[in-house]
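We did not get these values from a lab; they are worked out from the coordinates using the rules stated. None of these values were measured; they are calculated from a predicted model. When we count neighbours, we look across all protein chains shown, and the Cβ atoms used for this are built from the backbone with ideal geometry, even at glycine.
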Amino acid sequence: MTTQSNSHGGATLSVPDLLGVDPVWIATGILILVYAVLITEKVNRAILAMLGASLMVLFGIINQEQAIGGVDSNTLALLIGMMVIVGITSKCGLFQYVAIKAAKTVNANPTGILIMLTLITAVFSALLDNVTTVLLIAPITLLITDALETRVFPFFIAEILASNVGGTATLIGDPPNIIIGSAAGLSFNEFVVNLAPISAICLVVLTGIIYLMNRKELAAIPAEASARIMKFKENEAITDKPMMFKSLGVLGLVIFGFVVGHGYGVQPGTSALAGAALLMLLAYGHQDGEEQSESVHHIFGEVEWVTIFFFGGLFVIVAGVEHVGLLAFFGEKVLELTQGDLMMTSFFIFWASGILSAILDNIPFVATMIPLIESTADTFGGPEAIEPLWWSLALGACLGGNGTLLGASANLTVAAFAEKAKQPIGFIAFVKIAFPIMILTLMIANVYIWLRYF
């Protein structure tokens with residue numbers, strides 16, 4: 001096998017030449033094929049992603065080491081760790097308690113519950129990362145909807161959208177923000193000051209749309225269903241108080257790790273895995289060897305491995321597309337088209353990141369855009385002058401994650417819960433609702449960027 005120099009927009013890479021076919025076309029073809037089959041929902045997404053990832057390596061787009069390097073291990077560690085913590089915590093009745101208490105707070109009114117869960121998801125997603133938030137909220141939502149004998153679909157859709165809108169507001173709310181903040185030296189307070197206002201505006205708009213879309217269906221739920229919830233005694237839901245307090249303590253430590261760990265080089269995935277290990281020790285450490293092994297084996301069965309392997313395969317596929325220079329090519333063309341105008345550059349970056357983040361995972365796209373934005377500092381007058389570009393990138397990537405199920409990790413995490421509950425969220429069904437809402441929030445955010453920075 002020979003190699004050729006493949007140059008796109010100044011990004012020169014040495015990649016294999018397969019039978020004279022440009023590797024860019026091979027990588028792009030694999031990406032399109034995977035997404036096309038994924039939309040049909042005829043093949044399990046984990047199988048599809050693993051096949052696509054394998055093709056990237058077998059066709060020589062990337063080698064084994066590059067494939068492994070393309071996997072975002074922090075995201076996978078975060079997912080696995082939190083799934084274990086949630087799995088153990090759920091067994092002591094804590095989530096049942098929260099579900100009943102939350103529902104009774106709004107007198108078990110279905111519409112009130114939907115709005116409340118939407119707002120809670122957004123607020124928690126700003127304080128935690130949005131994946132952790134939906135891991136905590138999704139089981140509660142299933143309990144409530146089961147009691148109301150209604151579909152979980154509108155609730156899960158609202159929570160997915162709210163998690164990405166809420167996660168936009170802070171440095172720790174969404175992985176792209178963490179990457180951008182680290183690269184640009186932007187603080188937690190700067191993210192709050194610049195992004196929290198528009199995040200709040202988009203949340204109000206989102207909540208209104210969700211209410212209008214679902215008010216008739218929820219109003220049709222018989223009063224008897226709400227009455228049943230009001231008769232529940234939340235204190236009776238707690239089956240193991242000592243384990244509940246241990247779980248809450250560990251969860252508190254993990255959240256503390258999320259908040260302060262980044263400044264010390266400790267990634268959220270490390271905090272989540274450490275918390276999972278500690279909670280398993282507290283839960284099963286007193287058992288003998290055989291019983292302990294059985295308990296650990298059982299709790300690992302709570303992990304949504306389909307989602308984990310899908311993420312792993314998808315990361316490798318995107319790494320292959322990155323390697324051939326496709327993302328860098330589009331990123332550089334965006335900057336070229338603006339011809340040195342800061343406002344137009346901001347708008348182009350904003351819309352490019354918004355649309356592409358709905359199609360591709362926003363993390364590799366953001367990682368590709370960062371050096372391109374940094375290279376414009378001299379043109380626009382220094383690092384401080386290009387701050388609007390950073391906020392445009394963050395807003396586009398985070399809000400754009402709402403466009404499809406593939407746009408953000410939280411989306412697929414919720415979809416995994418829906419699939420497990422035998423109420424799957426279809427790719428097309430999600431896009432029909434979420435994509436127009438994403439476009440609306442992007443339009444609102446575009447106006448905000450214009451008014452705030454120009």
Projected label distance in nm at Lys233 and Ala429, using a 7 Å step from Cα toward the beta-carbon: 3.8 nm
Estimated inter-spin distance, Ile444 and Asn189, nm [label 7 Å along Cα→Cβ]: 2.8 nm
Entries of Lys216/Lys432; Lys104/Lys246; Lys333/Lys432 with Cα pairs more than 22 Å apart: Lys104/Lys246; Lys333/Lys432
The chain: angle of helix 409-420 to the longest principal axis, Cα-based, in degrees nearest 10: 40 degrees
Kirkwood Rh, Cα atoms: Rg over Rh of segment 133-240: 1.10
Ellipticity estimate at 222 nm from DSSP helix runs (n ≥ 4, -39,500 (n - 2.57)) divided over the chain, nearest 500: -25000 deg cm²/dmol
Using alpha-carbon coordinates, inclination of helix 130-148 to the longest axis of the chain, degrees: 40 degrees
Cα gyration tensor shape of segment 183-302, rounded if a/c is under 1.5, else prolate or oblate by comparing a/b with b/c: oblate
Largest-first ellipsoid semi-axes for the chain, taking √(5λ) over the Cα gyration tensor eigenvalues, angstrom: 37, 26, 21
On Cα atoms only, tilt of 289-300 relative to the major axis of the chain in degrees: 60 degrees
Segment 274-391 - percent relative contact order, Cα under 8 Å, separation 6 or more: 20 percent
Computed lengthening from Lys101 to Lys216, 0.36 nm per intervening residue step minus Cα-Cα distance: 38.9 nm
Alpha carbon centroid spacing (whole Å) that separates segment 44-101 from segment 277-298: 22 Å
Sites Val21 and Leu58, calculated FRET efficiency, Cβ-Cβ separation with R0 22 Å, nearest 0.05: 0.95
Percentage relative contact order, segment 347-428, counting C-alpha pairs under 8 Å, at least six apart: 39 percent
Value of Rg to Rh for segment 348-454 (Rh from inverse mean 1/r over Cα pairs, i.e. Kirkwood): 1.08
Over 20 Å (Cα to Cα) - which of Lys42/Lys422; Lys101/Lys422; Lys42/Lys420; Lys101/Lys241; Lys91/Lys420 fall in this group: Lys101/Lys422
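What is the calculated FRET efficiency for Ile39 to Lys420, with r their C-beta to C-beta distance and R₀ = 25 Å, to the nearest 0.05?
Once rounded, the FRET efficiency stands at 0.70.
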Förster radius 56 Å - calculated FRET efficiency between Ala225 and Leu451, Cβ distance, rounded to 0.05: 0.80
Among Ala223, Leu128, Ala183 the positive-end extreme of the charge dipole of the chain (Cβ point charges): Ala223
Mean Cα-pair separation over length for the chain, i.e. relative contact order, pairs under 8 Å, 6 or more apart, %: 24 percent
Extension reserve of the Met343-Glu290 stretch, reckoned as 0.36 nm per residue once the Cα distance is removed: 12.7 nm
Ordering of 102-114, 208-220 by burial proxy (mean other Cβ atoms within 10 Å per residue, highest first): 102-114, 208-220
